[in-house]
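Have a look at the structure below before the remarks.
Rule-based calculations on the coordinates, nothing more; no lab input. Here the structure is a predicted model, which is why all the values come from computation and not from measurement. Here the Cβ positions follow ideal geometry from the backbone for every residue, glycine too, while neighbour counts run over all protein chains shown.
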Amino acid sequence: MAEQIGLSLPVQSSSGIDDFLISDCNSMALSLLEDWENWPNLKHTLSGPAASGKTHLGRIWAKQTNAFFLDAKTLTISNVDKIATTPLAVDNVSEMNAASELEKALFHLHNLLQERKLPFLLIGTGSPKFWNISLSDLNSRIQGARNAQINEIDEKLFPLLMAKLFADRQMYPSPDVFEYLNRRIDRSFSSINIIVEKIDQISIEEKRPITRSLVSQMLKNYK
């Protein structure tokens with residue numbers, strides 16, 4: 001097989017239900033979101049490590065429920081009433097950094113959705129108790145919601161996710177490259193995303209195929 005040299009192509013990250021890789025670390029979270037009609041008070045949180053597929057899973061839920069999907073950092077008091085008319089998924093709740101205006105908008109949004117009996121999904125990195133919410137009323141509402149948690153990546157998912165991340169970048173390394181990486185990189189969602197991005201970047205910049213030699217060089221520099 002001819003070795004593939006990296007080209008600067010757009011990342012085509014697939015985000016449908018058929019593209020969500022299911023394993024022990026995320027199957028319970030998926031099941032809880034699919035059972036949204038039985039959520040207590042029609043609200044739920046979704047948490048997990050960085051780069052673990054929370055946004056992907058949130059978008060799947062939004063599509064299944066005809067929900068609006070938005071980033072918490074785009075919220076304003078002025079647009080709350082307009083968007084509180086359908087089921088809603090709010091991503092990056094953990095990244096508001098205790099910004100008072102964002103928290104007030106999210107709290108108002110929470111109350112409107114509860115009054116209107118519309119499903120509400122809040123998504124963030126790490127456990128909700130560490131989302132750094134300074135508005136006590138909002139924090140208590142978040143802590144009171146049932147949580148769906150994605151755990152750290154497991155052995156079954158690790159090679160599958162690596163292959164998907166390369167494929168999203170239209171790169172298809174040979175099996176020996178996967179085997180080499182499988183033995184040498186940390187078992188975490190964030191690490192595997194960073195490593196694949198750096199391999200792709202070096203391959204493009206140096207116009208080199210993705211080989212064990214290139215990967216070895218990258219790992220030495222990365223560490």
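Summary table below
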| read-out | value |
| --- | --- |
| Relative contact order %, the range 153-222, counting alpha carbon pairs below 8 Å whose residues are six or more apart | 33 percent |
| Cα convex hull of the range 130-202, projected area averaged across orientations, nm² | 7.0 nm² |
| Charge dipole magnitude, Cβ of K and R +1, D and E -1 - the chain, Cα centre, debye nearest 20 | 240 debye |
| Sequence ranges 145-157, 86-98, ranked by mean other-Cβ count within 10 angstrom, highest first | 86-98, 145-157 |
| Sequence-separation-based contact order of the chain, relative, with Cα cut under 8 Å and 6+ spacing, percent | 30 percent |
| Structure-based [θ]222 nm, the chain - -39500 (n - 2.57) summed over DSSP H runs of at least 4, per residue, nearest 500 | -13500 deg cm²/dmol |
| Sequence-distant aspartates and glutamates (8 or more away, or on other chains) whose Cα lies within less than 12 Å of LYS156 | ASP24 |
| Over 22 Å [Cα-Cα, the chain], rounded percent | 55 percent |
| Evaluated over the range 62-109, the Cα radius of gyration and Dmax, each in Å | 10.5, 32 |
| Cα-only radius of gyration and Dmax that characterise the range 23-149, units Å | 13.2, 41 |
| Listed peptides 132-139, 78-85 by packing density, highest first (mean Cβ within 10 Å) | 132-139, 78-85 |
